[in-house]
Amino acid sequence: MSNNDLAIEGGRIIDPHSGMDSPANIGISNGKITEISESKIDAEKIIDARDRIVCPGFIDLHCHPQDLEIFNVQAQDGVTTTLELEVGTDDIDTFYQKWEGKTPINFGSSVGHIPVRMKVMKDPGTFLPSGDAGRREATPSEVEEMKNLLTKGLDRGALAVGFGLDYTRGASRKEVVEMFKIASQHEASCHVHLRGKGDKSPNDSIEALQEVIAAAAITNASLHVVHINSTGMKAVPTLLEMISGARQHGMDISTECYPYSAGMTKIESALFDEGWQEHYGIDYDQLLWPDTGEFLNAESFEDYREKGGWVIAFSTPQESVDQAVLSPITMIATDSVIQEGKGHPRTAGSYTKVLGRYVRERGELSWLEAIKKMTIMPANRLSTRTRAFLKKGRINPGADADITIFNPKTVIDRSTYTDPTSPPEGIDHVIVNGIPVVSDGKLQEAMRPGKGILSTD
């Protein structure tokens, strides 16, 4: 009888954690990597990985799981762990119970300032605020209630604390500092959507980044700035310089991006309050309604804003996207949302777009550099609070068998704004906890090996 459930033979293993970039075989048993060897490994099942790159499965720090569809789409892009860390949840127990045993890939969540604020302030919005939680300053008693709910979520195993300050513009800077204090006390990183966008004052992204760097410095909290590409817009180089400078002075700050020039958000949110055109430097015709594929005008904008829903905004110069992707301090994360086949192509194509376009076609990143942004960097971001991440984002004996195998000659994204769920090419195999969920490029829809990851694990 074989000692291993599965062996991966003949692949080029790239593991940024160890620096390994060489051919070898991998043995897997009981959801763990058991051995790495140049010699043949005996196993019940063999995956032929000749002419393929074998690397740790991709870890997405920024997903918004609404239903099973999003997990399936992400698995085909090589993702093995997807995490709701920006918006998060106000009820950790319910979030994990919803998905346990039902997903092809691993999952987890932060406790979120947005949903907690919505709960305390009885905001009628769904997912994002549409009433008081977005626009009104909290009372001292409401702030205390929010702190208590954040503490409860962290005690129940939340991975981090999420913030969407651009959606909660009524939140005072004092309130933000109080929430950062709670995160710091629990060694939880703060995953922040900045209060402002772009380089147009006031409320630009530079001022917004200053706010949270100050809050992190005051409280000694770890800070992670989400989607620096869509928040920074033209100011991306300045934001990257600010983050690098803070890191050089000993602060624990990281950031992420996705490789697209358009973002997606709720049209009814505070982001589209009066003055948005001037501030963001775009107009109605740069807003796409994904349900219909139409670009908006003044009339349709008002109609959809009253109705509510997701809108795609083309607001970031391509050069800013490129600067974000190529920076050595950025991770790749998707900000994924897909509902009934509609949404943004970043859900199905972020990782393969970086691999196919920035590595193979343009040669601006090496395979090792790109994979590092997708694996060990996000694992390290979370490992201080959540020890389970010490076994993810790497290939070594004892690590979780979360592995992505792709063809370096063909890997490429195929999703578009009109067909956002179209799967990529070149992702041959995706293994989660030792179980193949993508085999020979095809999703194994019956496989549900994904596990919820808690800080208490």
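The values are calculated or read from the model by the stated rules, or taken from the named source; none is laboratory data. All values reported here derive from a predicted model rather than from experimental measurement. So basically every Cβ, Gly included, is an ideal-geometry build from the backbone, and we count neighbours across all protein chains shown.
Across region 232-252, the number of residues qualifying as closer than 18 Å to residue 381 by Cβ and either in contact with a strand residue (DSSP E or B) (Cβ under 7 Å, 6 or more places away or on another chain) or assigned to a loop (DSSP other than H, G, I, E, B) (or both) comes to 6. Would it be correct to say that residue 422 is out of contact with any Leu (no Cβ under 8 Å at 6 or more places or on another chain), of a type in the set (Ser, Thr, Tyr), at pLDDT 95 or above and over 14 Å from residue 106 (Cα atoms)? Taking the combined requirement at face value, the residue satisfies it. Can you tell me which residue among 86, 69 is under 26 Å from residue 17 (Cα atoms), assigned by TED's automatic domain parsing to the domain that holds residue 369, outside any loop (DSSP other than H, G, I, E, B) and among the acidic types (Asp, Glu)? Among 86, 69, only 86 is under 26 Å from residue 17 (Cα atoms), assigned by TED's automatic domain parsing to the domain that holds residue 369, outside any loop (DSSP other than H, G, I, E, B) and among the acidic types (Asp, Glu). Look at region 34-46: where a residue is in the same structural domain as residue 436 (by TED's automatic domain parsing), no partner that is modelled with pLDDT of 95 or more and basic (Lys, Arg) sits 6+ places away or on another chain with Cβ atoms under 6 Å.
Evaluation of residue 379 against the conditions (1) aliphatic (A, V, I, L, M); (2) part of a helix (DSSP H, G or I); (3) not assigned by TED's automatic domain parsing to the domain that holds residue 158 shows that the sole unmet condition is (3). Here region 156-171 is the region considered, the condition is being under 19 Å from residue 388 (Cβ atoms) and touching a Lys or Arg at 6+ places or on another chain (Cβ under 8 Å), and the residue that is surrounded by the most Cβ atoms within 10 Å (Cβ to Cβ) is 160. Do you know which residues across region 136-155 are crowded, with 21+ Cβ neighbours inside 10 Å and either touching a residue at least 60 places away in the same chain (Cβ under 8 Å) or of a type in the set (Asp, Glu) (or both)? Within region 136-155, 153, 154 meet the criteria.
Examine region 400-412 for a residue that is farther than 30 Å from residue 37 by Cβ, more than 19 Å from the chain's Cα centre (by Cα) and either of a type in the set (Phe, Trp, Tyr) or in a strand (DSSP E or B) (or both), and state whether such a residue exists. Yes - at least one qualifying residue is present in region 400-412.
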